[in-house]
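Below you'll find the structure, written out as structure tokens, and then a few comments.
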Amino acid sequence: METVNLIVAGVGGQGSVLGAHIIADAAVRAGLNARVGDTYGAAQRGGKVASHVRIGPDVESPLVPEKGAVAVLGLELLEGLRNVVKYLKAGGIAVISTYEFPPIDASLADLQYPKREEVEEVVRAIASKAFFLDLIQMAKEAGNVRTANVVGIGTLYGLGVLPFDLEYLEEAIKENVPRGTEEVNLRALRIGMEAVR
Amino acid sequence: MMVRIWEDAPGKRVFMLGNEAIARGAVEAGVQVAASYPGTPASEIMENLAEAAKHLGFYAQWSINETVAFNVAVGAAITGARAMASMKNAGLNWIMDMLMTVDYTGVRGGLVLAVGDDPDAHYSSNEQDTRIAGEYALIPVLEPSTVHEAKEMTKKAFEISEAVELPVQVRSCTRISHASGDVVLGEIRRERNPVGFNKHYKLPYRWDVYGPPGPVEKHKWLFSTLPKQKELSEESEFNWLDIVDGSDIAVVGSGIGWAYAKDALKEMGLWDRVSKLKVGFVHPAPEGKLERILRSSSKVLFVEEGLPFVERKAYELAKDVAPDVEIYGKLRNQVIEPWGELNLERVSAAISRVAGIEIKAEDPAAEARKKGERLIIPRSSMLCPGCQHLGTYWALKTALARFGGKVPIINGDIGCYEQGGYGVSGRKIEPNEELTKKYVALAPYEMLDTLHIMGSGIGLAQGEYHAGYREGKIVAVSGDSTFFHAVMPSLLNAVYNKANILYIIMDNDWVAMTGHQPSPSTGLTATGQVYTKANIYKVVKSLGVKFVEVVDPYDIKGTTEVLQRALQWEDGPAVVIAKRECALQVFRRYRKERKPVKTYRVVEDKCIGCKLCVYLGCPAVWWKPEKKKAVIDPIQCVGCSMCAQVCPVNAIVPEEEGYVFGLPIGEPPKLLKEGE
């Protein structure tokens, strides 16, 4: 088995770090080695966040090399684009939320937040499969707007990116999400899996 | 945080954060006293230890600052207990005085100093490599390469400390502390070192550096431990040598550098073809193993996170043992720059240069990536939606404008509010004095003029004042935890030496930036005991400050008025305490109680597009350039009302439903002058 490199990216407060940890925790439960390297700034909320997930039989260091990820999950449009351009292997898989959270640079430095069509065009030219989904709406359907991260994990699982059985993922979700939200998160997982069928 | 930190399940494989693993190592070693001050990337060590302490019955505390934390740990170790102090890179600078002295007297119980370095300065004001501090103090330094090893090393560090009777440093870094990996749990030591006191333990006046025979003799004692330290390093399981016959190239990796080197060599198909040395016991370095690797090959590459630490040692040795070897790394034959952090690409590139191999890099998506790069815009750091500091900064801006003067100086400090000095990455600034004179602080992210370390702002303000700067008012800001950590002596200095400055304490009850650890103003300890909140107002009064006012930063008008009065004050420092609990914490409680807050929205017809609400700097308030109107993101909005307060045409209104979180417009704030 080759090392599986993934990026889970978003904006501080969206749960991308937890999402990455759930994936890696599931891999360890399945008997694999896993590493997560989180990259975020000093801010509590609103900063750019990218978690590097590496899964394999023999993986040591925690950072995904540039152009080395088989899949990128972006919980926000601009952050999805940023990480696809830097980390997604040509021909990899991209799942990107259509949620747009403009940075202060758009408001205060008059920079143009990238247009959705242009983002799609670039991402589709790099990825072999690209999904642009309203993960927040899907999370609401699951019953909690804060489960968008787990919906995203569901799409990765549905696309066959994650190299372990569903039971490990469900176990990792139940162990890692806040108590009392296990059921809604498992629903979110299913909704994500269904969306990419 | 889960049971795994104190779970008694030897052999179980779990997935852990690096800091959690360091804490687990201490738990497995039977730590008896642990102390720390929050600082990224080291805070989770104590968060986990505090949790374990509740279950296993040892002692853990958040201290006022790192110096206090380290002294608490040293005191415990003098009585024979196993103790640990943990801190970030910058925190170590605070303990240097004690570190450089406690190495003369040593310890009885194992004392471990866990330090989280931050190469690439993700959350720090510098990239310092603290292994130098361990070398400076002549104490053992261990450097983990993986999360699992971080646990093993921390555990072992207690034994090493007891063997040489010195503190032992475990040097972590962001990519260990804030990385996660699989860890195999070990047994938890149940026995506790007996606690006692022996004034003349092994040496006369053992714990009194001046006690006869005095500091020089105690310095000599420190040197006497070196042979044992070297022996432990040479035999350490954390150092691993593999000489490959016929190889002309060798790679030496220390700490996380080893992890990258290992992955890179494997990916390049070189793993079985080159000699290698992993160094985990980095000070004193294993000279015998280093000597063998230097003799084994004609080219040796050193891969280290931070400074060329082991590499420097290799130069020192090579002169005698392998004068012709070519040493590559971060020094003379520089193949990796000594700044920024390592990654697989940088290490692979260095290996390929030394080995003379070309890395193929064809990218069929190169064109699309270039196009993507043109679309991507920066995402500058920002304060949280509804952050009270936005209100304080807005009021300060307004008050300074009304006060007049050419160029005020606002001195920053370390905490969430430091983001007032982060600037906006998307705005290109040319160095220019005219720009300083214009001083148009549109958003809070360009408020701060100086920004360095904990407690620096209030000191700089006094220097600026005493140098005679009078072209504008001199201001300093800090948070409540920083006030306790580093500001109190400096504020007394301002009173004593009469500096007419304005000092604003941005008090939000928590050490918010590092993840809401409690501080004396929270009224909670690390393990959750409730204590009386420290009263900052009374402390400031008692230092002799004559102008002290408490304001609610959500009341922008009221805060502005008080700041205007404070700016006029000419009888020593004026102190304004902008007090309100961190919005994130309050909002969390609302969510737990399932109380939806009354969010705000922009009435589009009323909005005149003046952008004042945008300049407030709240991430929930967005500018729609195509409409030339502001809009509020209902997902982000916490209903603080501050944007509605700055709107000149009342175009921002609350929704009908929900609980009031912010200040209801038109209602005067209820201010408490604590203790009066």
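Quick one: is residue B:427 surrounded by fewer than 24 Cβ atoms within 10 Å (Cβ to Cβ) and assigned to a helix (DSSP H, G or I)?
no
As an exercise: evaluate residue B:454 against (1) within 28 Å of residue A:78 (Cβ to Cβ); (2) assigned by TED's automatic domain parsing to the domain that holds residue B:482; (3) buried (at least 23 other Cβ atoms within 10 Å of the Cβ) and give the number of the one condition it does not meet.
Result: residue B:454 passes all but (1).
Test each condition in (1) within 30 Å of residue A:173 (Cα to Cα); (2) within 8 Å of chain B (Cβ to nearest Cβ); (3) among the β-branched types (Val, Ile, Thr); (4) buried (at least 23 other Cβ atoms within 10 Å of the Cβ) for residue A:145 and report the one that comes out false.
Looking at each condition in turn, residue A:145 falls short on (4).
Pull up region A:88-112, narrow it to residues that are part of a loop (DSSP other than H, G, I, E, B) and of a type in the set (A, V, I, L, M, F, W, C), then point me to the one that is farthest from the other protein chains (Cβ to nearest Cβ).
Checked region A:88-112; the qualifying residue farthest from the other protein chains (Cβ to nearest Cβ) is A:101.
Exactly one condition in (1) part of a loop (DSSP other than H, G, I, E, B); (2) surrounded by 13 or more Cβ atoms within 10 Å (Cβ to Cβ); (3) modelled with pLDDT of 85 or more is false for residue B:671; which is it?
(3)
Which condition does residue B:559 not pass, out of (1) buried (at least 20 other Cβ atoms within 10 Å of the Cβ); (2) modelled with pLDDT under 95; (3) closer than 18 Å to residue B:389 by Cα, if it passes all the others?
Going through (1) buried (at least 20 other Cβ atoms within 10 Å of the Cβ); (2) modelled with pLDDT under 95; (3) closer than 18 Å to residue B:389 by Cα one by one, residue B:559 breaks only (2).
Would you confirm, using the coordinates I've provided, whether residue B:542 is touching a residue at least 12 places away in the same chain (Cβ under 8 Å) and either in contact with a strand residue (DSSP E or B) (Cβ under 9 Å, 6 or more places away or on another chain) or among the small types (Gly, Ala, Ser) (or both)?
Answer is no for this residue.
Report the residue count in region B:351-396 for those that are buried (at least 16 other Cβ atoms within 10 Å of the Cβ), of a type outside the set (A, V, I, L, M, F, W, C) and more than 14 Å from every other protein chain (Cβ to nearest Cβ).
Final tally of qualifying residues: 3.
Report, by residue number, each residue of region B:594-609 that is surrounded by 15 or more Cβ atoms within 10 Å (Cβ to Cβ) and assigned to a loop (DSSP other than H, G, I, E, B).
B:598, B:599, B:607
Regarding residue B:300, is this residue under 21 Å from residue B:118 (Cα atoms) and either away from chain A (no Cβ under 14 Å) or hydrophobic (A, V, I, L, M, F, W, C) (or both)?
When the stated conditions are applied, residue B:300 does not pass them.
Filtering region B:238-280 down to residues that are without any contact (Cβ under 8 Å) to a residue 40 or more places away in the chain, more than 10 Å from every other protein chain (Cβ to nearest Cβ) and of a type in the set (D, E, K, R), which residue is surrounded by the fewest Cβ atoms within 10 Å (Cβ to Cβ)?
B:245
Out of (1) without any contact (Cβ under 8 Å) to a residue 12 or more places away in the chain; (2) in contact with an Asp or Glu (Cβ under 6 Å, 6 or more places away or on another chain); (3) not aromatic (Phe, Trp, Tyr), the odd one out for residue B:224 is which?
Every condition holds for residue B:224 apart from (2).
Wholly within region A:12-82, which strands (runs of 3 or more DSSP E) include no fewer than the required count, namely at least 1 residues that are at the interface with another protein chain (Cβ under 9 Å from one of its Cβ atoms) and either in contact with a Lys or Arg (Cβ under 8 Å, 6 or more places away or on another chain) or touching a residue at least 12 places away in the same chain (Cβ under 8 Å) (or both)?
By residue number, A:33-40, A:48-56.
Among (1) more than 8 Å from chain B (Cβ to nearest Cβ); (2) surrounded by fewer than 24 Cβ atoms within 10 Å (Cβ to Cβ); (3) touching a Ser or Thr at 6+ places or on another chain (Cβ under 9 Å); (4) at pLDDT 95 or above, where does residue A:117 come up short?
Condition not satisfied by residue A:117: (3).
Of the residues B:445, B:417, which is within 14 Å of chain A (Cβ to nearest Cβ), in a helix (DSSP H, G or I), surrounded by 22 or more Cβ atoms within 10 Å (Cβ to Cβ) and out of contact with any His (no Cβ under 9 Å at 6 or more places or on another chain)?
Answer to the selection: B:445.
Please identify the pairs in which a residue from region B:357-373 that is closer than 15 Å to residue A:69 by Cβ has its Cβ atom under 7 Å from the Cβ atom of a residue that is not aliphatic (A, V, I, L, M), counting only partners at least 6 apart or on another chain.
Note: pairs meeting the criteria are B:363/A:67.
So which pairs qualify, if the first residue must be in region B:462-477 and at pLDDT 95 or above, the second must be among the charged types (D, E, K, R), the Cβ gap must be under 8 Å, and the two must be at least 6 apart or on different chains?
Correct list of pairs: B:474/B:464; B:476/B:413; B:477/B:413.
With respect to residue B:171, determine if the residue is among the basic types (Lys, Arg), more than 24 Å from residue B:74 (Cβ to Cβ) and not in a helix (DSSP H, G or I).
no
Scan region B:360-404 for residues that are hydroxyl-bearing (Ser, Thr, Tyr), touching a Ser or Thr at 6+ places or on another chain (Cβ under 8 Å) and not in a loop (DSSP other than H, G, I, E, B) and jot them down.
B:392, B:398 - these are the residues of region B:360-404 that are hydroxyl-bearing (Ser, Thr, Tyr), touching a Ser or Thr at 6+ places or on another chain (Cβ under 8 Å) and not in a loop (DSSP other than H, G, I, E, B).
Taking region A:94-109 as the region of interest, how many residues are surrounded by fewer than 24 Cβ atoms within 10 Å (Cβ to Cβ), in contact with a strand residue (DSSP E or B) (Cβ under 8 Å, 6 or more places away or on another chain) and farther than 19 Å from residue B:632 by Cβ?
So the count comes out to 1.
The values are calculated or read from the model by the stated rules, or taken from the named source; none is laboratory data. In this text the structure is predicted, and so the values were computed from the model without any measurement. Neighbour counts run over all protein chains shown; Cβ positions are idealised from the backbone, glycine included.
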